Each structure stands twice: as C-alpha cells, then as structure tokens.
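Below is one structure, written out as structure tokens; the observations come after it.
Every read-out reported here was derived from the displayed coordinates using simple, explicitly stated rules and does not represent laboratory data. Predicted model, so just to flag it, every value in this text is computed and none were measured. Note that each Cβ is placed from the backbone with ideal geometry, even for glycine, and that neighbours are counted across all protein chains shown.
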Amino acid sequence: MSSLKSYTSIIILLLLISGYTFSFQQVKLYREQFKRKESVHYLPQIEILNILSLDYKGLVSKLLFFKTLVYYGEHMDSRIMPDWKWMYQVLDASTILDPYNIDSYYFTQAVLTWDANLIKETNHILERGGKYRAWDFYMPFFLGFNYFYFLKDNKNAALYFEHAARINPALIDYAIRFHYRANEIPIAISILKKMYDDIKNEDIRNQIMQRINAYENALILEKAVRQYEEKFHELPDNLEKVIEAGILANIPEDPYGGKFYFDKKENIIKTTSDFKMMTKK
C-alpha cells in the first residue's frame with residue numbers, strides 16, 4: 001500500500017514538474033515576444049526626440065523612416081495587419097525632425113491613404129511638407145488628390161490643385177476643372193483670363209479663349225438652372241425645361257463641339273465633349 005502511495009506521489013510530482021516547465025516556457029516566450037513588440041513600437045515623445053537628436057535630426061528622421069519601412073515590409077510579408085496608428089506617429093515624428101524628408105512624405109501618401117485609410121492624418125503630414133517644401137508641387141498636388149478622391153471634396157481639391165499649378169503651370173488644367181466641378185465656374189474663368197493676359201503665344205491664347213468661351217456658356221446655363229430652381233422650387237430634369245420656362249431662348253453652343261446638358265444627380269452643367277476638342281470618327 002505504501003509503495004502504491006509512493007508511486008502515485010512520484011507520478012503527481014512528475015506531472016507538476018512538467019506542467020511548471022511548460023508554463024515557464026510559455027511565460028518566457030510571451031515575455032520575449034512582448035519585449036520584441038515593445039522595442040519595435042517604442043517611440044519617445046517628440047520633445048524628447050528633439051533633445052536626443054542634437055544636431056542629427058536629419059539622420060534620426062531617416063532612421064525613423066527606415067524603421068517604418070522595415071516594419072511595414074515585414075507585416076506585408078507575413079500578411080499581419082500593421083499598427084497603422086503607430087506608423088502614422090513615427091512618420092509624423094520623422095517629418096517634424098526633418099520637414100524636408102521627401103521619403104517620409106512619399107511613403108505616407110503611398111501607404112497611409114490606400115492601405116490604412118488615414119486620409120486626414122496623411123493630409124496633416126502633407127500640410128507640413130507644403131509649408132517647408134514650398135517649391136515642391138507634389139505636396140499640394142497630393143493634398144488635392146486626397147480631397148478629391150478620398151474625401152469627395154471638390155472645393156478643397158480645386159484650391160490645392162490651384163496652389164500646385166502656381167508652382168508647376170502644367171497642372172493648371174487640374175485647378176480649372178475642379179473649380180468647375182465645385183460649381184465655382186467664375187473662379188475657373190478668372191484663372192483662365194489671368195493666363196490669357198500673361199501668355200504671349202497666340203496659339204496658346206486661342207486655346208485658352210476657347211476654354212473661356214466654353215465656361216462662360218456653361219455659366220449662362222448654370223445661372224438659368226438656379227433661376228428655374230428659385231421659380232419652381234425644384235431642379236429641372238433637363239435644359240429643355242429651362243427653355244420651356246422662358247428663362248433662356250436657346251442652349252449656348254459648346255466651342256469644343258459637344259452638347260451641354262444638366263446632370264441632375266450631381267447638380268452641375270456638363271458637356272458631352274468634357275471641354276476637350278471632339279475628334280471626328
């Protein structure tokens with residue numbers, strides 16, 4: 001009987017030792033994983049980073065960028081969702097330390113918008129870039145795109161594209177089109193008239209005047225639709241309704257060869273030419 005008790009005690013002791021060993025290993029593994037995660041995610045406050053960086057803020061900014069880049073790459077390879085908020089905080093710190101660090105701005109625009117849907121956070125960082133990289137049209141261009149594509153805000157998109165166009169005149173068409181989309185046709189016309197006055201090349205001036213004429217005709221229709229809305233307390237189904245109501249005698253021509261029409265859903269005057277010269281098929 002005593003031998004049986006001794007045997008049982010030994011078995012229980014072995015089970016306890018095995019259980020303790022297993023538990024110890026699991027706790028140890030968890031702590032190591034936690035430490036690794038903690039070390040990756042640890043980010044001192046920006047005030048502390050500023051002090052610790054001394055005269056090497058540009059270098060620390062680049063190190064933070066590469067840290068984010070490696071972290072993002074590892075998570076994409078393992079298909080584990082990254083901590084987007086942490087990535088934003090690191091990229092924000094990177095651009096505070098070095099507001100000229102273009103890599104951080106490009107990476108922010110490329111990843112935090114499409115992958116993380118952190119549009120407002122991205123715009124916050126890009127605003128900093130626009131302030132310091134005043135010569136770089138990409139900062140307002142990215143902001144304009146984000147307001148148009150992600151935030152569906154044509155008015156702010158037009159303002160940022162206009163800013164980008166002042167830096168790079170090749171982008172002026174973006175500004176004009178988005179002012180038009182935002183129902184700010186007079187602003188689009190004023191921009192075009194300023195271009196017409198500044199440019200000396202006659203061929204380009206003729207193209208600009210054609211665009212001015214098209215937008216002025218669109219503005220006539222826009223005002224007529226608003227008069228119809230004020231008179232009948234509803235939007236017209238089409239431009240023919242405006243003619244029938246006696247507000248306009250006829251529909252002005254589109255200099256690009258298209259046909260003006262009223263998009264009731266978007267509440268805007270459009271043309272089949274999309275303000276581009278229509279080619280014959």
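Here's how it looks for Leu235: its modeled amide H is under 5 Å from none belonging to a residue 5 or more places away or on a different chain.
Tyr149 sits among other residues whose Cβ lies under 15 Å from its own Cβ, and their net charge, with Lys and Arg +1 and Asp and Glu -1, is +3. 3J(HN,Hα) couplings calculated from phi for the range 232-238 with the Karplus curve 6.51 cos²θ - 1.76 cosθ + 1.60 (θ = phi - 60°) are, in sequence order, 10, 6, 7, 7, x, 6, 7 Hz; Gly and Pro show x.
Going from the fewest other Cβ atoms within 10 Å to the most, the residues Phe137, Phe161 appear in the order Phe137, Phe161.
Taking amide H as placed 1.01 Å from N in the peptide plane, the amide H of Ile268 sits under 5 Å from that of Asp263, each at least 5 places away or on another chain. The chymotrypsin sites (Phe, Trp or Tyr not before Pro) found in the range 32-134 that occupy coil by DSSP, while having at most 15 further C-beta atoms within 10 Å, are Tyr42, Tyr56, Tyr100, Trp114.
Summing +1 for each Lys or Arg and -1 for each Asp or Glu among the other residues whose beta-carbon sits under 15 angstrom from that of Pro186 gives +4.
If one computes the Cα centroid of the range 207-231 and of the range 36-115, what distance in Å separates the two points? Cα centroid to Cα centroid, the span is 48 Å.
Between Leu59 and Asp115, what's the calculated FRET efficiency when r is the beta-carbon distance and R0 is 30 Å? Round to 0.05. The computed FRET efficiency comes out at 0.65. Among 152-158, 45-51, the peptide with the highest mean count of other Cβ atoms within 10 Å heads the list, and the full ranking is 152-158, 45-51.
Taken along the Cα-to-beta-carbon direction at a fixed 7 Å, the label points for Asp173 and Lys131 span 3.4 nm.
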